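The values are calculated or read from the model by the stated rules, or taken from the named source; none is laboratory data. Keep in mind the model is a prediction, meaning the values are calculated, not measured. As a convention, Cβ positions derive from the backbone with ideal geometry for all residues, glycine included, and neighbour counts pool all protein chains shown. For accessibility, only protein heavy atoms count, side chains too; no ligands or nucleic acids. Shrake-Rupley method; radii C 1.70, N 1.55, O 1.52, S 1.80 Å.
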Amino acid sequence: NNPSEDYPKISCIDSVELENSKISEDLEFESKFLPLNHDLITIIGGRGSGKTALLDIIASCFEDSFKIIRENENSFYKRAFGDNQEEGNRALKVRLRIKG
């Protein structure tokens, strides 16, 4: 029995797509399509592998979440953009595909 089948079916993120985005002289993203498993319950990886960045990039697509991450000292956005987070959010081009 798959543990995720015990929860009610709701909309979930099917994929994340980043367009090539130049944030600053030191930070640039290549275009990337990241399909996500519908049973995804965790993101694993070594220290500095981008787990927080990926989660913050997803969160930045939602206004309520973006308000929270821009205040968190450990967030990707706070570290990458400092006090210029609104400009950074406009520079980063993200598309979420929602399934549900």
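Things to note:
- Checklist (1) of a type in the set (D, E, K, R); (2) out of contact with any strand residue (DSSP E or B) (no Cβ under 9 Å at 6 or more places or on another chain); (3) modelled with pLDDT of 80 or more; (4) open to solvent by less than 100 Å² (accessible area, probe 1.4 Å) applied to Glu86, failing item: (3)
- Test: residue in region 43-58 that is of a type outside the set (S, T, N, Q), open to solvent by 100 Å² or more (accessible area, probe 1.4 Å), at pLDDT 80 or above and more than 11 Å from the chain's Cα centre (by Cα): yes
- Selection of region 28-42 for residues being open to solvent by less than 100 Å² (accessible area, probe 1.4 Å), of a type in the set (A, V, I, L, M) and touching a helix residue (DSSP H, G or I) at 6+ places or on another chain (Cβ under 9 Å) yields Leu34, Leu40.
- Close pairs from region 52-71: first touching a residue at least 40 places away in the same chain (Cβ under 8 Å), partner open to solvent by 20 Å² or more (accessible area, probe 1.4 Å), Cβ under 6 Å, at least 6 apart: Ile57/Val94
- Residue that is nearest to Ser11 (Cα to Cα) [pool: residues in region 41-65 that are touching a strand residue (DSSP E or B) at 6+ places or on another chain (Cβ under 8 Å) and assigned to a loop (DSSP other than H, G, I, E, B)]: Cys61
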